[in-house]
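Right, I'll just put the structure down here and ask away after.
The values are calculated or read from the model by the stated rules, or taken from the named source; none is laboratory data. Keep in mind it's a predicted model, so treat the numbers as computed, not measured. Protein only, heavy atoms only, side chains kept; ligands, DNA and RNA dropped before computing areas. Shrake-Rupley method; radii C 1.70, N 1.55, O 1.52, S 1.80 Å.
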Amino acid sequence: MNRSTSRVGPATSGQPAGTLDVDALIDDPGTGIIVCCGSGGVGKTTTSAALALRAAERGRKVVVLTIDPARRLAQSMGIEALDNTPRPVTGVEGGGTLDAMMLDMKRTFDEVVLSQASPEKAQQILANPFYIALSSSFAGTQEYMAMEKLGQIHRDAQETGTYDLIVVDTPPSRSALDFLDAPDRLSSFLDGRFVRLLLTPARGPAKLMTAGLSIITNSLTKILGAQFLKDLQTFVTALDTVFGGFRQRAQKTYALLKADGTAFLVVAAPEPDALREAEYFVERLSEDDMPLAGLVVNRASPEPAGTLSAEEATTAAERLRRTDGTSVAAGLLRLHADRVRMVQRERTLRSRFATAHPQVATVVVPALAGDVHDLTGLRRVGTLLADGS
């Protein structure tokens, strides 16, 4: 994957960043990773897919990875089912290519084990009940595996040249940034007192166990059962052995996310809660020195036709109501007034955000009349992203 020394991010001169140029971002050969983050229900998955499609149709070799549990991406791209393996998207126009995949948390976890342990040790881990629970539903596992999969794709792309752009769609809400904490959280777990306690018998001769440790182990055996404690100790020992390598790779991926050529896009709806979440993302990315490219305000209300103000429309509607209580024109005037007020309210919200974060470049994408369910719809979203620039 080609990398550039130019950093993708907001202006640093103290001047307002202005409008986000989406095409310049995806056309830059130095842009190797785009991470889309934001709260749930703001069209983040659709935005990620539309960016990936537009980049491919402008000549890039793109893979889009979604770790959002929603299945809309597969439907939009004409793929019956996405899984942990990149699948080619047919119907892409232009000189580039597009693959799509969805993170399979359990399968990625299994791949880590199989790559880091001997066949015998790997099978022991994969059959362990604690591993099965951890790899399937443990809090934070999805974020750990997202880091792992992103690192895998990037390493493969560097070795083979298969892709020159990776677009990552993250989980909804504030957990979208949890993958930034994955290395530290994993290290904290492995270095915790309880884990150290369970590892003590495996790390030294039994004669070195203190009387106090024996008492604790015996107490745990009575409470949890001998087989339960044995399974837990086996799992923790294996975890410590296998995931030293994963911890190092996760830290490398974290460094990759901070490197030149990575760009974070925060996606939000023009609503108070969504923009408050967007502020959280912007501030957190700034604190971690992550390269923020800008904000996408998605599903904005289209500007109504004409120049009639909300007050004028309301006054005219009231006048018609007095003369004809069932007037269709009066109803249309009231709808126009509501639309004007909504547009004004959204503009005010965006203005407040811009005032608080003047260095964040922004692009506004109007809402579509219907849902996006195919490449034509994604192409339309990509055009709107560029037109907003």
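Please say if the stretch 17-175 is rounded, prolate or oblate, where rounded means a/c under 1.5 for a ≥ b ≥ c the square roots of the C-alpha gyration tensor eigenvalues, and otherwise the choice is prolate for a/b larger than b/c and oblate otherwise? Display every interim value, and only then the final one.
On the way: a/c = 2.07, a/b = 1.67, b/c = 1.24.
Cα axes put the stretch 17-175 in the prolate bin.
In the stretch 21-133, carbon and sulfur make up what percent of the accessible area (probe 1.4 Å)?
After summing per-atom areas, the C and S share lands at 52 percent.
Among Tyr254, Tyr163, what's the order by accessible area (1.4 angstrom probe), most exposed first?
Tyr254, Tyr163
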